[in-house]
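The values are calculated or read from the model by the stated rules, or taken from the named source; none is laboratory data. This one's a predicted model, so the numbers in the text were calculated from it and none came from an experiment. Glycine also receives a Cβ, built like all others from the backbone with ideal geometry; neighbour counts cover every protein chain displayed.
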Amino acid sequence: MYSEKVMDHFTNPRNVGEIPNADGVGEVGNAQCGDIMRIYLKIDGGVITDVKFKTFGCGAAIATSSMATELIKGKRVEEALQLTNQAVVEALDGLPPIKIHCSVLAEQAIKAALADYYTRLGIDPEPLVGKIPNGCDHCVH
Ligand code: FES
């Protein structure tokens, strides 16, 4: 059902944890399925120098968080804003259709963290990041 990469990132997730003095923190979740994802960003000169995540959720949510953090580490914030859930899914060699929505949580958590970063800088994040919907609407366990 799951690719080797998904299993690898689920059983050995990268960048798990917190960053105490993060420059941006984003949390998205869904009260119905109970899955919550929090992303911490350390940003220096517009570059994401460190990223950590905590995900309380399904295996696909953990694997996509792990891969998403790998994909934005070392990137400029503008590049990280372009990250789509499809790119995360492709990097994981696919997800079962019923689990695609879990990858949306990773994209949204990164965008929420970047929105927080812009807000702290006194910049209105909405024109750059868009509206952050609060989690996936169709989680089914
Ligand atoms: Fe996977 Fe909710 S994020 S079931």
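Taken as a whole, the stretch 48-58 holds no residue that is farther than 17 Å from Asp116 by Cβ and modelled with pLDDT of 95 or more. For the stretch 23-34, filtered to residues that are in a loop (DSSP other than H, G, I, E, B) and not polar (S, T, N, Q), the residue that is nearest to the ligand (Cβ to nearest atom) is Cys33. The number of residues in the stretch 55-69 that are surrounded by fewer than 16 Cβ atoms within 10 Å (Cβ to Cβ) and touching a Lys or Arg at 6+ places or on another chain (Cβ under 6 Å) comes to 0. Taking the listed residues Thr64, Thr55, Thr49, Thr11, the one that is in contact with a Pro (Cβ under 9 Å, 6 or more places away or on another chain) and among the polar types (S, T, N, Q) is Thr55, with no other qualifying. For Thr64, the test of being hydroxyl-bearing (Ser, Thr, Tyr) and more than 25 Å from Asp93 (Cα to Cα) is failed.
The one condition from (1) under 20 Å from Lys131 (Cα atoms); (2) surrounded by fewer than 18 Cβ atoms within 10 Å (Cβ to Cβ); (3) within 16 Å of the ligand (Cβ to nearest atom) that Glu78 does not meet is (3). Can you work out which of the residues in the stretch 85-141 that are under 15 Å from the mean Cα position of the chain (by Cα) and among the polar types (S, T, N, Q) is modelled with the lowest pLDDT? Checked the stretch 85-141; the qualifying residue modelled with the lowest pLDDT is Asn134.
Yes/no per residue for (1) away from the ligand (no atom under 11 Å from the Cβ); (2) out of contact with any Leu (no Cβ under 6 Å at 6 or more places or on another chain); (3) not polar (S, T, N, Q):
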position	(1), (2), (3)
His9	yes, yes, yes
Gly17	yes, yes, yes
Asn21	yes, yes, no
Ile36	no, yes, yes
Ile48	yes, no, yes
Lys52	yes, yes, yes
Thr55	no, yes, no
Cys58	no, yes, yes
Met67	yes, no, yes
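Within the stretch 81-106, the set of residues being within 12 Å of the ligand (Cβ to nearest atom), part of a helix (DSSP H, G or I) and crowded, with 18+ Cβ neighbours inside 10 Å comprises Asn85, Lys99, His101, Cys102, Ser103, Val104, Leu105, Ala106.
So, Val28, is that one buried (at least 19 other Cβ atoms within 10 Å of the Cβ), more than 27 Å from Leu121 (Cβ to Cβ) and among the hydrophobic types (A, V, I, L, M, F, W, C) or not? Answer is no for this residue.
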